[in-house]
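Each remark here refers to the structure printed beneath this line.
The values are calculated or read from the model by the stated rules, or taken from the named source; none is laboratory data. Just so it is clear, the structure is predicted and the values come from calculations on it, not from any experiment. Here the Cβ positions follow ideal geometry from the backbone for every residue, glycine too, while neighbour counts run over all protein chains shown. The area values use the complete protein model at the heavy-atom level, side chains included, leaving out ligands, DNA and RNA. Shrake-Rupley method; radii C 1.70, N 1.55, O 1.52, S 1.80 Å.
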Amino acid sequence: MGWLWAIIVGFVLALIAKAILPGKQHLPLWLATICGIGGAVLGNWAAGGMGIEETPGFDWGRHALQLVFAVALVFLGDRAWIALKGNKQRA
């Protein structure tokens, strides 16, 4: 069940990250979801380091960190995807 939640959270974070980033992203949704999962993992790790991973109620700080990391990973993934696809088209 943990993997299913990770995929769902990653998918939702990827959609939000793609909506936040300006312009069109060329990153496929499956790869954006993987970036979202990575953002969730890194956000949880950072929240644990800051001591806010387990708080009563809704964890706004943890979720904000997850979103920040997801946006960064989707942005970097999109740049890498464009660079990779650009190199293939020139060859």
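A few points about this structure:
- Qualifying positions in the stretch 14-49 - under 13 Å from Ala64 (Cα atoms) and touching a Cys at 6+ places or on another chain (Cβ under 8 Å): Ala17
- Of all the numbered requirements in (1) over 11 Å from the mean Cα position of the chain (by Cα); (2) open to solvent by less than 50 Å² (accessible area, probe 1.4 Å), Lys85 misses one, and that requirement is (2).
- Within the stretch 1-35, tally of residues that are in a loop (DSSP other than H, G, I, E, B) and in contact (Cβ under 8 Å) with a residue 40 or more places away in the chain: 5
- Across the stretch 36-66, the number of residues qualifying as within 20 Å of Trp3 (Cβ to Cβ) and outside any helix (DSSP H, G or I) comes to 1.
This table checks each residue for (1) open to solvent by 90 Å² or more (accessible area, probe 1.4 Å); (2) among the polar types (S, T, N, Q); (3) farther than 19 Å from Val74 by Cα.
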site	(1), (2), (3)
Ala6	no, no, no
Val12	no, no, no
Gln25	no, yes, no
Thr33	no, yes, no
Asn44	no, yes, no
Thr55	no, yes, yes
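- Lys18 satisfies every condition listed in (1) of a type outside the set (Asp, Glu); (2) open to solvent by 70 Å² or more (accessible area, probe 1.4 Å); (3) more than 8 Å from the chain's Cα centre (by Cα) except (2).
- Neighbours by Cβ (under 8 Å, 6+ apart or cross-chain): first from the stretch 65-77, open to solvent by 50 Å² or more (accessible area, probe 1.4 Å); second not in a helix (DSSP H, G or I): Phe75/Leu21
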